[in-house]
Amino acid sequence: MIRKAVLPVAGWGTRFLPATKAMPKEMFPIIDKPVIQFIVEELLEAGVENVIFVTGRHKRPIEHHFDINTDLEKHLEEAGKEDVLENIKEISHMINPIYLRQKEQLGLGHAVLTAEPAVGNEPFLVSLGDIILERGREVIEKMIEAHYRFGKSVIALHEVEEKEVSKYGIAKVKRIEEDIYIVEDLVEKPSPEEAPSNLAIVGRYVFTPRIFDKLRETKPGKGGEIQLTDAMKLLLEEEVIYAYKVEGKVYDTGNPVDYIKTIVEFALKREDIREEILSYLQEILSKQTQLIDRP
Ligand code: G1P
């Protein structure tokens, strides 16, 4: 069984500055739950309990979130807020995390390499903190299953619009089964002209430990950073990499526009606020339409 998951959370979150100057983007809320909690819950649902965070100096709130806060618990108890208290306690006991510090932010690939002492010589998962998957549990389970079937690394892919390809790592693939592909090539954030397909890497990876050797060999790539995609390209030269095409919706929270879309969609799924948000959206939409229609 794959036991360990690495969650790289050390990035600067430059797309959200100045909000991320002192606040990790992984702690941004989707209504009232931080993005990182969705990622952790997905892992737990799929049976992976060992969570290794690769953090940086300004990421302490993540540690606090998964830690016990006795003062808050006492306050909620005294205030008689039983429901919230239960939820807060649950989060404190959700995982027994390991925190590793990436001393310099040299890129996603470098962050994964930082986790090597905690992972050791065994296959492991990498989950990126900015993508929430509607059917996350199923995706992780299918990827783990494919890893055991083929004994190799497996990445999750999802179709994106052509104009979106430059936001993602893009894969050239060959289909071998209903939802399983063989990766033939990878490019990190290509222009639409360079992109070999519209299949984007969606931040879920199962790796053989051989990736660590490849990460050590990887030179700075796009943006001058040590890219995980480039290390996978090196791995491709000696091992087959498989891909699983995800079912269900993919919510990207890694840039302001997609983050807002994600919040709206999640708000519409919540029974307690759905009606209010829906009528608000209808109201602003009709106002906007009136403005456009005005001669
Ligand atoms: C990273 C990866 C990219 C992947 C993306 C998914 O990019 O480098 O290959 O497609 O995550 O979110 P980032 O969003 O960190 O710039």
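Before moving on, here are some points about what is shown:
- All positions within region 39-85 that are farther than 17 Å from Q102 by Cβ, under 16 Å from the mean Cα position of the chain (by Cα) and either exposed (fewer than 14 other Cβ atoms within 10 Å of the Cβ) or of a type in the set (S, T, Y) (or both): E45
- If the condition is being assigned to a helix (DSSP H, G or I) and touching a residue at least 24 places away in the same chain (Cβ under 8 Å), then region 124-157 contributes G136, R137, E138, V139, I140, E141, K142, M143, I144, A146, H147, F150.
- The set of residues from region 199-213 being buried (at least 23 other Cβ atoms within 10 Å of the Cβ), away from the ligand (no atom under 13 Å from the Cβ) and of a type outside the set (A, V, I, L, M) comprises just one member, F207.
- Failed criterion for M232 (all others in (1) more than 22 Å from E141 (Cβ to Cβ); (2) assigned to a helix (DSSP H, G or I); (3) within 16 Å of the ligand (Cβ to nearest atom); (4) in contact (Cβ under 8 Å) with a residue 24 or more places away in the chain hold): (1)
- Unmet requirement for D258, which otherwise passes all of (1) in a helix (DSSP H, G or I); (2) acidic (D, E); (3) in contact (Cβ under 8 Å) with a residue 24 or more places away in the chain: (3)
- In summary, G129 fulfils each of the numbered conditions (1) at pLDDT 95 or above; (2) within 13 Å of the ligand (Cβ to nearest atom); (3) under 23 Å from K261 (Cβ atoms) with the single exception of condition (1).
- In region 173-198, residue farthest from the ligand (Cβ to nearest atom) [restricted to those that are surrounded by fewer than 23 Cβ atoms within 10 Å (Cβ to Cβ) and aliphatic (A, V, I, L, M)]: I176
- Residue that is under 17 Å from L133 (Cβ atoms) and aliphatic (A, V, I, L, M), where the choices are V240, V250, V183, V257: V250
- Residue satisfying all of: in region 214-223; more than 10 Å from the ligand (Cβ to nearest atom) and without any contact (Cβ under 8 Å) to a residue 40 or more places away in the chain; farthest from Y148 (Cα to Cα) among these: K219
- Every listed requirement among (1) within 15 Å of the ligand (Cβ to nearest atom); (2) exposed (fewer than 15 other Cβ atoms within 10 Å of the Cβ); (3) within 27 Å of D213 (Cβ to Cβ) is met by I170 save one, (2).
- Residues in region 271-295 that are surrounded by 13 or more Cβ atoms within 10 Å (Cβ to Cβ) and part of a loop (DSSP other than H, G, I, E, B): I273 alone.
- Meets criteria (at pLDDT 95 or above and within 10 Å of the ligand (Cβ to nearest atom)) for I155: yes
- If you go through region 102-123 and keep only what is among the acidic types (D, E) and either free of Cβ contacts under 8 Å to residues at least 60 places away in the same chain or buried (at least 18 other Cβ atoms within 10 Å of the Cβ) (or both), you end up with E104, E116.
- The number of residues in region 255-294 being modelled with pLDDT under 95 and in contact with a Leu (Cβ under 8 Å, 6 or more places away or on another chain) comes to 0.
- Matching entry among Y99, Y148 (being over 16 Å from the mean Cα position of the chain (by Cα), crowded, with 16+ Cβ neighbours inside 10 Å and of a type in the set (F, W, Y)): Y99
- Evaluating A118 against the criteria (1) of a type in the set (A, V, I, L, M); (2) within 16 Å of the ligand (Cβ to nearest atom); (3) not in a strand (DSSP E or B) leaves one unmet condition, (2).
The values are calculated or read from the model by the stated rules, or taken from the named source; none is laboratory data. Since the model is a prediction, treat every value here as computed from it, not as a measurement. So basically every Cβ, Gly included, is an ideal-geometry build from the backbone, and we count neighbours across all protein chains shown.
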